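The values are calculated or read from the model by the stated rules, or taken from the named source; none is laboratory data. All of these numbers come straight from a predicted model, not from anything done at the bench. FYI the Cβ positions are ideal-geometry reconstructions off the backbone, even for glycines, and counts take in every protein chain you see.
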């Protein structure tokens, strides 16, 4: 695919681009609003009364106690419009309510404590997987049939199909228990006191090593496979043959002609996946006791902790929609064919 | 033109080496800060969601408040009453007045004097809640004073507490509620205490052996030794209760020496830990059981609109009794529990050595006997081999269990297979726990009792009274999930709770256990054992509670922590942090946010910093690798 024709008048291009941009943003906002509405209704449709669960599944509660609990947590008002309206009004003001499970704790605080660890583990894991995966995939596609292709791709396929639990426990048993190089669980050593920020950072990094390896290893596969296929397909295009005919070196063709075009599908995948980083990885978090959003979501589901669930899904939907928006825009920049 | 590729590769290696060199010191530094203090680290799969004792639901939360606080009367090595907040007590001649003497010179962990007024205030708050019909958070502690018949409390002088009851009852000594510091709690509005909005944030003030100084809800809670502890010297300086999402990880952490105690291990892990150096795997008898429960609802003929049992046969004790001969409890213990448990019998577990009485004629596993009993009771087979109820309908029973108890699924499979030769079809399926709670409610609890049979379990208190309530007529719509009704049983229950003569009470409990066994609203399947493990290379003198068949920690009260001793004092390394000395006044470390240099604190800015740092390093590496491509516009 040739670069964009240079003859197009800049003014026209700019208007088209900004209209495209605005349209995408508007769509994104509407999507988030719709998701928020659906989430609100969906959670409350789950069978099982939260007021009983709030009372700790205590079989000895009386009808009065249940009614009190309902009133306390605003569960006795009609779903629509009362509960919904108060939810929307509060959310827009940034008040996500109080967690049912961690009583008295604002949802924003519950989430804030878990977002950081999730971003650190899953975000870094994705980034590592992206770089390593794309590199392996590109080289495998470029030298298809070569040793890197067979070995690299084979291994990454195997690892991709292994669940986090298996990878994680394996690393744990080898590196934490047998060799003792890394701690077994958690994000920090519980109750440790630090003399400096550096020590605190070192503690976190030591705890981060194994879970990060687990997540990265588990994710490399999807990028390497995609990139490999994309590069192979691109290599068959006519303009590559033209470039070869002109006498360009293999490396130059790869970097300047094949890769930019082969990257397009990868860009979309990367953007979408980065949007889901906030969702966390439940099994990886469970194995290493990593205090992330994944396990929080599961616990909140079991406990019918509506405020936390609404908060988590609000965060997640904004993140995913925003990532998709960015992907669309970047794609629009990279590939002018979609802009019109 | 192969040179550029290899040159770039070399450059990449060099860049990575540089990055590695930068990060290496961070990784090489020992992850654990060497402590001069001895920390007891215990792991459990339960979460401590709040330090407000009234919010306690799970054993870990009970453990937390018995570390923080004293009960008025504590529990000793065999769960017998021992001095707690009160040093001694006497009962009046008519049995309705108890006089407690508070421990002399008792101090709260913040140095203030602890007196009978604190105990009076605490009990009065609980009595007020009952009077106002307000539930204190999750309501698990509310029932202890009413169960003992307590009507009033007074504190005639700072060393004396007088408790008045409406009938003589020894349950006064088994009130599992902590004594709270009035000077801290009276400042909190009653509504906040009752709703749980007041989470009792650290640093906690109590008279127990350890007080919480830091908590990350759902993650870990850290307790420091009470500087004013009234008992003998405590071996551990600190206690940390950590929540593990995966018990496999918890076991690895125990093997690694990263925790000293692990509660709740699966049987296969338990087996692998036996005989490991420095590890003791302990099997404790459980104060509870798992049961197969029937929908015995008989009001309005057992008819519930839109729900109810699928057959009237379930209301017939003879039917339920016959089914009991088709359950092989030994097999369930062997297969579901891998042998770690006891086959079930009566509703008072053998854990209660003084009160458990085996049934007069225990059932055996005998399918033929079950068939003949069913025939004799009037449930015949039809031509197709299906068992018919007295209305002529083939009997199909729904069986369910909560998703939180995966092992019950194994039990269900066995039961379905055993009932099949009887001509009874069993539809077994799991139900999500939150949904199941609602499904089991009868019309008295605003539900439709949509079930025939289910498998679930109960956990008891130091006194068996709480386990007896589930079969009272008055509890239908509250805690009764079998809806069993028998006026004789109700009579016996009332009599036993007012009986303070142990022999007489045991006689009453014998009759009650026998009645329930014979009429079988529940078939108690087994008493599952508690599987824990602990290390012996840092702490010694672990004592089981009860001595014969308990576990050292997570028992009743804080008994297990009192006698622990240190094996060896860890030698401080040069890199040891200058941890604040635990002796002297309590140094309340800040809890969640703020606080530089002490404790984990709020790590979000730090995490962001690490993320940025790693990205920057990665960016440098990449830039080094690819930077030389700018020059040279080759024709293309």
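Just give me the residues in the stretch A:299-330 being at the interface with chain B (Cβ under 10 Å from one of its Cβ atoms) and outside any loop (DSSP other than H, G, I, E, B), in sequence order.
A:299, A:301, A:302
Out of A:248, A:259, report the one residue that is within 14 Å of chain B (Cβ to nearest Cβ), surrounded by fewer than 24 Cβ atoms within 10 Å (Cβ to Cβ) and not in a helix (DSSP H, G or I).
A:248
Among the residues of the stretch A:67-108, which ones are more than 10 Å from chain B (Cβ to nearest Cβ) and not in a helix (DSSP H, G or I)?
Of everything in the stretch A:67-108, those that are more than 10 Å from chain B (Cβ to nearest Cβ) and not in a helix (DSSP H, G or I) turn out to be A:74, A:75, A:76, A:77, A:78, A:93, A:94, A:95, A:96, A:97, A:106.
How many residues does the stretch A:284-298 contain that are in a helix (DSSP H, G or I), over 15 Å from residue A:310 (Cα atoms) and more than 9 Å from chain B (Cβ to nearest Cβ)?
Final tally of qualifying residues: 1.
Can you name every residue in the stretch A:61-89 that is out of contact with any helix residue (DSSP H, G or I) (no Cβ under 7 Å at 6 or more places or on another chain), within 29 Å of residue B:61 (Cβ to Cβ) and surrounded by fewer than 18 Cβ atoms within 10 Å (Cβ to Cβ)?
Within the stretch A:61-89, A:62, A:63, A:64, A:67, A:71 qualify.
Being at pLDDT 85 or above, within 12 Å of chain B (Cβ to nearest Cβ) and not in a loop (DSSP other than H, G, I, E, B) narrows it down to one of A:243, A:206, so name that one.
A:206
For (1) at pLDDT 95 or above; (2) surrounded by 19 or more Cβ atoms within 10 Å (Cβ to Cβ), each residue gets a yes or a no:
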| residue | (1), (2) |
| --- | --- |
| B:392 | no, no |
| B:399 | yes, yes |
| B:405 | no, no |
| B:418 | yes, yes |
| B:435 | no, no |
| B:445 | no, yes |
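If you go through the stretch B:202-252, how many residues are more than 22 Å from residue B:556 (Cβ to Cβ), more than 9 Å from chain A (Cβ to nearest Cβ) and part of a loop (DSSP other than H, G, I, E, B)?
Counting residues in the stretch B:202-252 that are more than 22 Å from residue B:556 (Cβ to Cβ), more than 9 Å from chain A (Cβ to nearest Cβ) and part of a loop (DSSP other than H, G, I, E, B) gives 7.
Condition first: surrounded by 24 or more Cβ atoms within 10 Å (Cβ to Cβ), in a loop (DSSP other than H, G, I, E, B) and modelled with pLDDT under 95. Can you find one or more residues in the stretch B:54-66 that meet it?
Yes: one or more hits.
Of A:193, A:177, which residue is under 19 Å from residue B:242 (Cα atoms), without any contact (Cβ under 8 Å) to a residue 24 or more places away in the chain and either part of a helix (DSSP H, G or I) or touching a helix residue (DSSP H, G or I) at 6+ places or on another chain (Cβ under 6 Å) (or both)?
The conditions single out A:177.
Using the structure shown, decide if residue B:518 is modelled with pLDDT of 95 or more, farther than 28 Å from residue B:148 by Cα and more than 22 Å from the chain's Cα centre (by Cα).
Criteria met by residue B:518.
In this structure, does residue B:123 turn out to be more than 14 Å from chain A (Cβ to nearest Cβ), over 30 Å from residue B:537 (Cα atoms) and modelled with pLDDT of 90 or more?
yes
Pick from the stretch B:134-162 the residues that are within 8 Å of chain A (Cβ to nearest Cβ) and over 28 Å from residue B:496 (Cβ atoms): which of them is surrounded by the fewest Cβ atoms within 10 Å (Cβ to Cβ)?
Here the answer is B:134.
It is to be established whether one or more residues within the stretch B:216-231 are at positive phi and either under 18 Å from the mean Cα position of the chain (by Cα) or crowded, with 24+ Cβ neighbours inside 10 Å (or both).
yes
Considering the stretch A:95-107 alone, what residues qualify as being surrounded by fewer than 20 Cβ atoms within 10 Å (Cβ to Cβ) and modelled with pLDDT under 80?
The answer is A:104, and nothing else.
Right, residue B:317: more than 26 Å from residue B:421 (Cβ to Cβ) and surrounded by fewer than 21 Cβ atoms within 10 Å (Cβ to Cβ) or not?
Here the answer is no, as residue B:317 does not meet what is asked.
Which one is modelled with the lowest pLDDT among residues in the stretch B:281-291 that are part of a strand (DSSP E or B) and farther than 12 Å from residue B:531 by Cβ?
The selected residue is B:288.
Can you pull out the residues in the stretch A:242-262 that are farther than 13 Å from residue A:139 by Cα and touching a residue at least 40 places away in the same chain (Cβ under 8 Å)?
Hits for the stretch A:242-262 are A:260, A:261.
Starting from the stretch A:105-118, keep only residues that are without any contact (Cβ under 8 Å) to a residue 60 or more places away in the chain, then list their pairs with residues that are surrounded by fewer than 24 Cβ atoms within 10 Å (Cβ to Cβ) and assigned to a helix (DSSP H, G or I) whose Cβ atoms are within a distance under 7 Å, requiring at least 6 positions of separation or different chains.
Short answer, once both residue conditions are applied: A:112/B:604; A:116/B:604; A:116/B:607; A:116/B:608.
Checking the conditions here, which among B:467, B:441 is within 23 Å of the chain's Cα centre (by Cα), modelled with pLDDT of 90 or more, within 14 Å of chain A (Cβ to nearest Cβ) and not in a strand (DSSP E or B)?
Result: B:467 is the single residue among B:467, B:441 that is within 23 Å of the chain's Cα centre (by Cα), modelled with pLDDT of 90 or more, within 14 Å of chain A (Cβ to nearest Cβ) and not in a strand (DSSP E or B).
Would you pick out the residues in the stretch B:400-436 that are over 23 Å from residue B:323 (Cα atoms), assigned to a helix (DSSP H, G or I) and touching a residue at least 12 places away in the same chain (Cβ under 8 Å)?
Selection gives B:433, B:436.
Pick from A:126, A:64: which is in a helix (DSSP H, G or I), within 13 Å of another protein chain (Cβ to nearest Cβ) and touching a residue at least 40 places away in the same chain (Cβ under 8 Å)?
Within the list A:126, A:64, the selection yields A:126.
With the checklist (1) closer than 30 Å to residue B:79 by Cβ; (2) without any contact (Cβ under 8 Å) to a residue 40 or more places away in the chain in hand, flag the one item residue B:333 doesn't pass.
Failing condition for residue B:333: (2).
Has the stretch B:506-513 got any residue that is within 30 Å of the chain's Cα centre (by Cα), at pLDDT 90 or above and assigned to a loop (DSSP other than H, G, I, E, B)?
no
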